[in-house]
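Heads up, the thing below is written out as C-alpha cells.
Just so you know, all these numbers are worked out from the coordinates, no wet-lab data involved. Note that the structure is predicted; figures quoted are calculated from it, not measured. Counting neighbours? That spans all protein chains shown, and the Cβs are built from the backbone with ideal geometry, glycine included.
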Amino acid sequence: MSKRILLIQGHPDGDEPHLCHALAASYAEGATEAGHELRQIRLAEIDFPLLRSQKEWENVPVPASLKSAQDDIAWAEHIVFFFPLWLGDMPAVLKGFLEQVARPGFAFTREEGGNPWGNKALTGRSARVVVTMGMPTMVYRWYFRAHSVKSLERNILGFVGIAPVHETLIGLTANMKHEEADKWLGKLRRLGYKAE
C-alpha cells in the first residue's frame, strides 16, 4: 500500500553535496521504486525570517515562502528529516523552520481556557529522523543521551501528535570509507521502499 512521504532536507549548505543529500536521494529512490508518493523540502533553498517573539508566533501569518511547506506537512502520512548534528543539535535553519511551521491553528489547537496541551493537529503521521555526526553514535547516545534528537522527538514532533518517530543515527562521517557510506545508502533505500 502506497504512502504519502515528505522528505525535509535540513542541511543548510545547498551548494555542496553532502552525505545528508545522498541519504535523502537513496531514500527517495527506494520510495519511488515502491510506488509511494513523494514530496521534498530543501531548507537551504528557502528564505524565511526567524521568529523573535511569542506575539509573532501566535499572531503574525506564516511567511509566504513556508505556506507550501505547511501544505506538504498536512498532505504527508510519513515525514523524514535529514540533518547533520551541529554543535550538538539540529542546524539553526531547521529549528527556525520548525518554529515557523508548527504554529497554533496548524500544528495544534488550544482547548478552551488556553490549555497549551490541547488538540494535536498532526496526529496520524509517523516520522523518521536521520542524523549524521562526526562523533561515534554510541558516544552521542550514551554520554550525551541523544539529547537533541530526543528533544525534537518529544518537544516538537510529539507535541503536535507525530508518532511513532524512529531514528537513524550515523556517526564518524568525516572519514567514512566508501564501503561504509554505500552500506548506509542501501539501508536508506530499503527504508524508503518500505516507507519507514
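Note on the chain: with a GNM built from Cα contacts shorter than 10 Å, the maximum mean-square fluctuation among Ala64, Ala92, Ala34 falls on Ala64. In plain terms, the chain from Glu99 to Lys194 could stretch by 31.3 nm, reckoned as 0.36 nm per residue minus the Cα-Cα distance. When only alpha carbons are used to place a centre, the range 158-185 and the range 1-60 end up 15 Å from one another. Dipole of the range 90-196 computed with +1 at Lys/Arg Cβ and -1 at Asp/Glu Cβ about the Cα centre; of Ala107, Val131, Tyr193, farthest Cα towards the positive end is Tyr193. Between Ser2 and Ser65, full extension at 0.36 nm per residue minus the direct alpha carbon distance yields a gain of 19.8 nm.
Karplus-derived 3J(HN,Hα) values for the range 77-84, using 6.51 cos²θ - 1.76 cosθ + 1.60 with θ = phi - 60°, are 9, 9, 10, 10, 9, 10, 7, x Hz; glycine and proline are entered as x.
With +1 on each Lys and Arg Cβ and -1 on each Asp and Glu Cβ, and nothing else charged, work out how big the dipole of the chain is about its Cα centre, in Debye to the nearest 20.
The dipole of the chain has a size of about 540 debye.
Over the residues of the chain, the helix contribution to mean residue ellipticity at 222 nm works out to -10000 deg cm²/dmol, using -39500 (n - 2.57) for each DSSP H run of at least 4. Given R0 = 30 Å, the distance between the Cβ atoms of Gln54 and Asp89 translates into a calculated FRET efficiency of 0.90. Each residue of the range 87-99 is assigned a 3J(HN,Hα), and the resulting list reads 6, x, 8, 5, x, 4, 5, 6, 4, x, 4, 5, 4 Hz, derived from the Karplus form 6.51 cos²θ - 1.76 cosθ + 1.60 (θ = phi - 60°), x at Gly and Pro. Which residue, Lys120, Lys95, Lys55, has the most motion in a Gaussian network model of the chain that connects Cα atoms within less than 10 Å? Judging by the Gaussian network model, the answer is Lys55.
Here's how it looks for Gln40: its modeled amide H is under 5 Å from those of Leu7, which are all 5 or more places away or on a different chain. Our estimate of slack between Ala163 and Glu33, defined as 0.36 nm per intervening residue step minus the Cα-Cα distance, is 44.3 nm. Residues considered: Leu23, Leu50, Leu157. Largest GNM mean-square fluctuation over the chain, using C-alpha springs under 10 Å, is found at Leu50.
Taking label points 7 Å from Cα along the Cα-to-Cβ direction, Ser151 and Ala74 give a separation of 3.0 nm. Phi angles across the range 155-169 convert, under the Karplus curve 6.51 cos²θ - 1.76 cosθ + 1.60 with θ = phi - 60°, into 3J(HN,Hα) values of 8, 10, 5, x, 4, 9, x, 7, 6, x, 10, 10, 10, 10, 9 Hz, Gly and Pro given as x.
For His166, the residues 5 or more places off, or on other chains, whose built amide H falls under 5 Å of its own are Ala127, Arg128, Val129.
FRET efficiency for the pair Thr123 and Ala44, taken as 1/(1 + (r/R0)^6) with r the Cβ-Cβ distance and R0 = 22 Å, rounds to 0.15. Calculated from the structure, volume of the Cα convex hull per residue in Å³ equals which of (i) 130; (ii) 122; (iii) 188? Entry (ii). Quick one: work out the % antiparallel among DSSP beta bridges in the range 4-194, nearest 5. Antiparallel: roughly 15 percent of the beta bridges in the range 4-194.
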